[in-house]
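Worksheet: one structure, shown below.
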Amino acid sequence: MTDLKTCFKRVDYDLSNLLHYIELGDIGLPDIQRPFVWSNAKVRDLFDSMYQGFPVGYLLFWENAQVAGAKQIGSGEKAHKAPNRLIVDGQQRLTSLYAVFKGRAVLDADYKERLIEVAFNPRTRRFEVADAAIRRNPEWIANISEMWSSKRSSRKIVNDYIAQVGKKAPLTDEEEEDIAHNLDRLFDLQKYPFTALEIASSVDEEQVADIFVRINSEGVKLNQADFILTLLSVFWDTGRADLESFCRAARQPNAPGTGASPFNHFLQPDPDQLLRVSVALGFGRGRLKSVYQVLRGKDPDTGEFSPERREEQFARLAEAQAHVLNLTHWHQFLSALVGAGFRSEEMISSQNALLYAYAFYLWGRVRFQIKEHELQKAIGRWFFFSSLNGRYTSSPETVMDADLNRIKLLDSGEAFLAMLEGLMANELTDDFWAITLPAALATSSARNPQLFAYVASQNRLGANVLFSHKKVSDLIDPALRAKKKPLERHHLFPRGWLENEVTKEQTEINQMANYALLEWPENIDIGMTPPGQYAPAIRERFSETQWHKMLSDHALPNGWEGMAYPDFLEARRKLMADIIRQGFESLK
């Protein structure tokens, strides 16, 4: 094992030097316009601790192997074209300090711009998050950013403040001296000392991640996506900016008349998620670990790093990302999910299944030029399958890597479609439908992929809502925005009745097979009445044909209302599995 003494060195800075190195481009602080997750209150606490003279933690940097031609992190011209040090731990603290000292706005986790306004009272030495009352009170400096960004001297700041407060009531010499001292101390925070541990450039990303996890008290885990996104910041900042802009726009609908947008009802993607799709398309790999070294320009034979090789690989990633962020591709893929019976994120049990299905869609469209109508059906069917059987739940990168290795051997769209069909046929056997799936339905989980597949199948098969003339597909439309959901999950054998008559075990009461989607007024009316009493009354509203069609659409055996509860559950699971099979087969 490498001697840790050779892995890092300790370097001391004061804050003004840190900010200076960031300005020069020597320290790679990611663009200030990237999502910032700290609250203003946390920034206030940071400044209070520094003012009190308390330690606020070390910084962890990673020396960047200098490669000619690298792009600088962030926007604007820098004296250094490539940062000597990348921030591994301390980004939120440095972003806070940089934003406050420079008076710069940040973007929050929802990509909304906000200023970090921390207030200071020089008489009481208190820090607070600025609010309307503080802004009106002359005793407060409502935004301490002005202390440094205004370029005024500390003497000028002190004199102006004393004159402002003195208008309200005269100050004694002692009070003026105390105020001057307190403001000078605040002004001098730019000299606050920091200690940084700088990891050598020879240490690889896996060791850096291990070091970070071992010494980070919050236990935050770095992953390969973090390192690749850092590379994008250094060598292809516009690519990372495009990725984050897409993710930001996907979070809220465009205003009418403003054009197309990535907004959708299935997924609010994060940059690392779409990065995985780009890597799958551009490099045919599910694992990000190996791609990291490829993007750094490493020769697999010699181990040497080459700027030319790095540029070639980034060009390859850029081509793939252009397809991933293409709005036509994005929405055509999502329409394939709608075609498969899925309507919103409430029916998505696995984001991995969705993202990898998008990668397969792009392979089919971009690489194999498959006709859209064929591809739509195939990808909808594949997503249904991979979601239903949890294909990407355990070791998703490994499974995706194996799938992509199969695809890379193919030479035509026909072979691609045949491969997908073969993988599905190998797993969705008669035993799966008759034994495995009914057993998987024996659960009380509210977010079970089999449940979502069941509802998607009802959509595909055009089922009406139970005890209603309205379609399931209409009432789960995500565009509906009522105060109360139009459909509710209803216990066919009511909870209260089961607790009194059968069992108090909640996992038995809340079995998936005991639920059906009902319009909410119907659900309220049924209440705690057992099915033997409420079902005959409801049946009178329907013809014999309508009633039996309703039973069939909702996997209810004939005479279900009079069955013993355990027998009902067992019988209904088999019928639910059959509806899922019908829904899946309808996608051919």
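Values computed for the structure shown
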quantity	calculated
The lone exception for Ser306 - which of (1) closer than 26 Å to Lys112 by Cβ; (2) without any contact (Cβ under 8 Å) to a residue 60 or more places away in the chain it fails	(1)
Cβ-Cβ under 6 Å pairs, at least 6 apart or on other chains, segment 138-157 side under 10 Å from Phe101 (Cα atoms), far side at pLDDT 90 or above	Ile144/Val118; Ile144/Phe120; Ser145/Val100; Met147/Phe187; Trp148/Phe101
Strands (runs of 3 or more DSSP E) completely within segment 1-104 that count 2 or more residues being at pLDDT 65 or above and closer than 21 Å to Asn223 by Cβ	59-63, 85-89
In segment 336-358, the residues that are touching a Gly at 6+ places or on another chain (Cβ under 9 Å) and not in a loop (DSSP other than H, G, I, E, B)	Ala336, Leu337, Val338, Gly339, Met347, Ala353, Tyr356, Ala357
Odd one out for Ser344, checked against (1) modelled with pLDDT under 95; (2) touching a Phe, Trp or Tyr at 6+ places or on another chain (Cβ under 8 Å); (3) farther than 24 Å from Asp578 by Cα	(3)
Matching residues in segment 286-324 - criterion: being under 25 Å from Asn352 (Cα atoms) and among the hydrophobic types (A, V, I, L, M, F, W, C)	Leu288, Val291, Val294, Leu295, Phe314, Leu317, Ala318, Ala320, Ala322, Val324
Filter result (surrounded by fewer than 18 Cβ atoms within 10 Å (Cβ to Cβ) and more than 17 Å from Ser150 (Cα to Cα)) within segment 172-184	Thr172, Asp173, Glu174, Glu175, Glu176, Glu177, Asp178, His181
Positions within segment 105-127 being of a type in the set (A, V, I, L, M, F, W, C) and part of a strand (DSSP E or B), in sequence order	Val106, Leu107, Val118, Ala119, Phe120, Phe127
Test: Arg93 is without any contact (Cβ under 8 Å) to a residue 60 or more places away in the chain and closer than 21 Å to Gln52 by Cα	yes
Lone qualifier among Glu345, Glu372, Glu414, Glu397 - being among the charged types (D, E, K, R), touching a residue at least 40 places away in the same chain (Cβ under 8 Å) and open to solvent by 70 Å² or more (accessible area, probe 1.4 Å)	Glu345
Members of segment 152-193 found to be more than 48 Å from the chain's Cα centre (by Cα) and under 26 Å from Val56 (Cα atoms), listed by number	Asp178
Criterion violated by Gly303 - all others in (1) on the phi > 0 side of the Ramachandran plot; (2) modelled with pLDDT of 95 or more satisfied	(2)
Cross-chain or 6+ apart pairs with Cβ under 6 Å, segment 559-588 first and open to solvent by less than 50 Å² (accessible area, probe 1.4 Å), then in a helix (DSSP H, G or I) and modelled with pLDDT under 95	Glu561/Pro531; Glu561/Gly532; Glu561/Ala535
Subset of segment 263-298 [in contact with a helix residue (DSSP H, G or I) (Cβ under 7 Å, 6 or more places away or on another chain), at pLDDT 80 or above, assigned to a loop (DSSP other than H, G, I, E, B) and open to solvent by 10 Å² or more (accessible area, probe 1.4 Å)]	Phe263, Asn264, His265, Phe266, Asp270, Arg285, Arg287
Top-ranked residue of segment 128-152 - restricted to ones that are of a type outside the set (Phe, Trp, Tyr), in contact with a helix residue (DSSP H, G or I) (Cβ under 9 Å, 6 or more places away or on another chain) and assigned to a loop (DSSP other than H, G, I, E, B), ranked as most open to solvent (accessible area, probe 1.4 Å)	Arg152
Residue match in segment 317-325 (condition: part of a loop (DSSP other than H, G, I, E, B) and either open to solvent by less than 10 Å² (accessible area, probe 1.4 Å) or of a type in the set (Val, Ile, Thr) (or both))	no
In segment 153-171, residue farthest from Arg185 (Cα to Cα) [restricted to those that are small (Gly, Ala, Ser) and in a loop (DSSP other than H, G, I, E, B)]	Ala169
Residue check, Thr302 open to solvent by 30 Å² or more (accessible area, probe 1.4 Å) and in a loop (DSSP other than H, G, I, E, B)	yes
Selection count where residues are surrounded by 13 or more Cβ atoms within 10 Å (Cβ to Cβ) and at pLDDT 75 or above, scope segment 194-223	8
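For (1) over 24 Å from the mean Cα position of the chain (by Cα); (2) under 24 Å from Leu451 (Cα atoms), each residue gets a yes or a no:
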site: Glu374; (1), (2): yes, no
site: Phe384; (1), (2): no, yes
site: Arg406; (1), (2): yes, no
site: Glu414; (1), (2): yes, no
site: Met424; (1), (2): yes, yes
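The values are calculated or read from the model by the stated rules, or taken from the named source; none is laboratory data. On a predicted model such as this, the values are computed, not experimentally measured, just so you know. When we count neighbours, we look across all protein chains shown, and the Cβ atoms used for this are built from the backbone with ideal geometry, even at glycine. The protein model used for the area step is the full one, side chains on, heavy atoms only, and it has no ligands, DNA or RNA in it. Shrake-Rupley method; radii C 1.70, N 1.55, O 1.52, S 1.80 Å.
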